[in-house]
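Trainee: Input: one structure, supplied below.
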Amino acid sequence: MNIILLGPPGAGKGTQAKRLVEKYHIPQVSTGDMLRAALKEGTPLGLEAKKYMDAGGLVPDSVVIGLVKERIQKPDATGGYMLDGFPRTVAQAQELDSILGTLGQTIDHVVSVEVPSSELLGRLTGRRTCRACGAGFHVIFDPPKKEGVCDKCGGELYQRSDDNEATVQSRLETYEAQTKPLIDYYQKASKLRRIDGVGQMDDILGRIQKVLG
Ligand code: AMP
């Protein structure tokens with residue numbers, strides 16, 4: 001099963017993707033995670049991407065499309081994959097369609113995780129992640145027992161450099177202008193499944209599973 005998780009930054013796509021991976025045994029393919037990994041390794045691609053990420057804009061299509069094309073052909077993706085944060089523009093979606101055509105694949109479901117824009121700023125600026133195990137927390141909605149320390153492994157919690165208020169505002173504007181049109185794109189392709197992204201994490205997971213069947 002090939003799935004796209006669509007939604008604004010802060011909709012909880014990454015969190016739900018991590019849980020869906022365990023249920024469906026298909027890998028999460030997150031372009032944001034891949035770009036952050038490249039940056040951490042200090043590769044030229046990662047350093048180039050940083051400029052765009054820090055400004056809350058989009059990394060050029062050619063870069064992310066290359067990453068995804070390579071990733072979905074890895075052995076662990078033969079049974080399907082869950083795209084998280086890709087595509088992010090109509091041009092990326094069209095290019096994905098063409099790549100999938102050559103691979104003889106299709107997208108089965110596009111799950112649009114919908115959250116009112118008024119909620120997103122607070123969700124994003126309060127996010128904290130464990131440096132060691134990657135677990136996610138939120139200073140208000142899901143605080144760790146001890147401030148700055150991961151409940152699961154004791155690792156140090158950090159705030160993503162693009163989760164500060166100024167960059168978050170730009171990311172939300174980028175979403176509205178460049179990514180939101182994908183809702184219409186996949187609606188026209190009869191692939192879109194809309195779900196309410198507000199509520200308890202387990203309930204949201206249940207809604208996604210229901211539409212995936
Ligand atoms: P994310 O982790 O999905 O919020 O992505 C973090 C940042 O990585 C975004 O704000 C973009 O700068 C960049 N990025 C991630 N995915 C894409 C994509 N599909 N196209 C362009 N830029 C991307």
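Trainee: Can you give the local net charge around Phe86? Use residues other than it whose beta-carbon is closer than 11 angstrom to its beta-carbon, Lys and Arg +1, Asp and Glu -1. Could the numbers behind the result be given before it?
Mentor: Working: positive: Lys13, Lys69, Arg71, Arg88; negative: Asp33, Asp61, Asp84, Glu95.
Cβ neighbours under 11 Å give a net charge of 0.
Trainee: Decide, for region 100-213, between rounded, prolate and oblate: order the square roots of the alpha carbon gyration tensor eigenvalues as a ≥ b ≥ c, take rounded if a/c falls under 1.5, and otherwise choose prolate if a/b is larger than b/c, else oblate. Show your work: numbers first, answer last.
Mentor: Details: a/c = 2.00, a/b = 1.65, b/c = 1.21.
Verdict is prolate for region 100-213.
Trainee: Pop out the ³J(HN,Hα) list for region 162-175 in order, Karplus 6.51 cos²θ - 1.76 cosθ + 1.60 with θ = phi - 60°, rounded to Hz; leave Gly and Pro as x.
Mentor: Listing the rounded values in order: 9, 9, 7, 4, 5, 5, 4, 4, 5, 4, 5, 5, 4, 4 Hz.
Trainee: If the cut-off is 13 Å between C-alpha atoms, which aspartates and glutamates fall inside it for Lys210, apart from same-chain ones fewer than 8 positions away?
Mentor: Qualifying aspartates and glutamates at Cα under 13 Å: Asp196, Asp202.
Trainee: Give Lys51/Lys188; Lys23/Lys152; Lys152/Lys188; Lys146/Lys180; Lys51/Lys191 a once-over and call out the pairs whose C-alpha atoms are over 31 Å from each other. Walk me through the numbers before you get to the answer.
Mentor: Values: Lys51/Lys188 34 Å; Lys23/Lys152 20 Å; Lys152/Lys188 43 Å; Lys146/Lys180 37 Å; Lys51/Lys191 33 Å.
Over 31 Å apart, Cα to Cα: Lys51/Lys188; Lys152/Lys188; Lys146/Lys180; Lys51/Lys191.
Trainee: Residue by residue through region 83-96, what is 3J(HN,Hα) from phi via Karplus (6.51 cos²θ - 1.76 cosθ + 1.60, θ = phi - 60°)? Round to whole Hz and write x for glycine and proline.
Mentor: Each residue of region 83-96 in turn: 7, 10, x, 8, x, 10, 9, 5, 4, 5, 5, 5, 5, 4 Hz.
Trainee: Check which residues have an amide H placed less than 5 Å from Asn2's amide H, if you skip close sequence neighbours.
Mentor: Amide H to amide H, under 5 Å and 5 or more residues apart or across chains, Asn2 pairs with Tyr81, Asp108, His109.
Trainee: Report, in deg cm²/dmol and to the nearest 500, the calculated mean residue ellipticity at 222 nm for the chain, where each DSSP H run with n ≥ 4 adds -39500 (n - 2.57) and the sum is divided by the residue count.
Mentor: Working: 9 runs with 98 residues, N = 213.
So the helix-based figure for the chain works out to -14000 deg cm²/dmol.
Trainee: A further question on this structure: Over region 1-80, what relative contact order in percent results from Cα pairs under 8 Å that are six or more residues apart? Working shown, then result.
Mentor: Working: 48 pairs, mean separation 25.1, N = 80.
Relative contact order for region 1-80 comes out at 31 percent.
Trainee: Looking at region 118-213, which chymotrypsin sites (Phe, Trp or Tyr not before Pro) are DSSP coil and have at most 13 other C-beta atoms within 10 Å of their C-beta?
Mentor: Values: sites: Phe137, Phe141, Tyr158, Tyr175, Tyr185, Tyr186; in loops: Phe141.
Hits after loop and neighbour filter: Phe141.
Trainee: If you plug each phi of region 200-209 into the Karplus form 6.51 cos²θ - 1.76 cosθ + 1.60 with θ = phi - 60°, what whole-Hz ³J(HN,Hα) values come out, in order, with x for Gly and Pro?
Mentor: 5, 4, 5, 5, 5, 4, x, 5, 5, 4
Trainee: Give me the percent of DSSP beta bridges within the chain that run antiparallel, rounded to the nearest 5.
Mentor: Working: 7 of 23 bridges.
Around 30 percent of the beta bridges assigned by DSSP in the chain are antiparallel ones.
Trainee: How big is the C-alpha Rg of region 5-48 next to the rule-of-thumb value 2.2 N^0.38 Å, as a ratio?
Mentor: Numbers: Rg = 12.5 Å, N = 44, 2.2 N^0.38 = 9.3 Å.
Taking the Cα Rg and dividing by 2.2 N^0.38 Å, one obtains 1.35.
Trainee: List the GluC sites (Glu not before Pro) in region 73-157 that DSSP assigns to loop (not H, G, I, E or B) and whose Cβ has at most 16 other Cβ atoms within 10 Å. Which are they? All intermediate terms of the calculation are to be shown ahead of the outcome.
Mentor: Details: sites: Glu95, Glu114, Glu119, Glu147, Glu156; in loops: Glu147.
In loop regions of region 73-157 (DSSP not H, G, I, E or B), the sparsely surrounded GluC sites (Glu not before Pro) are Glu147.
Trainee: Pop out the Kirkwood hydrodynamic radius of region 5-141 from its pairwise C-alpha distances, inverse of mean 1/r, in Å to one decimal. Intermediate values should be presented prior to the final figure.
Mentor: Working: mean 1/r = 0.0622 Å⁻¹.
That comes to 16.1 Å for region 5-141.
Trainee: Could you give the nm distance between label points at Cys133 and Arg194, where each point is 7 Å from its Cα heading toward the beta carbon?
Mentor: That separation, rounded to one decimal, is 3.7 nm.
Laboratory data are not the source of any read-out in this text; all were calculated from the coordinates shown. A quick note: this is a predicted structure, and the numbers were derived from the prediction, not measured. So basically every Cβ, Gly included, is an ideal-geometry build from the backbone, and we count neighbours across all protein chains shown.
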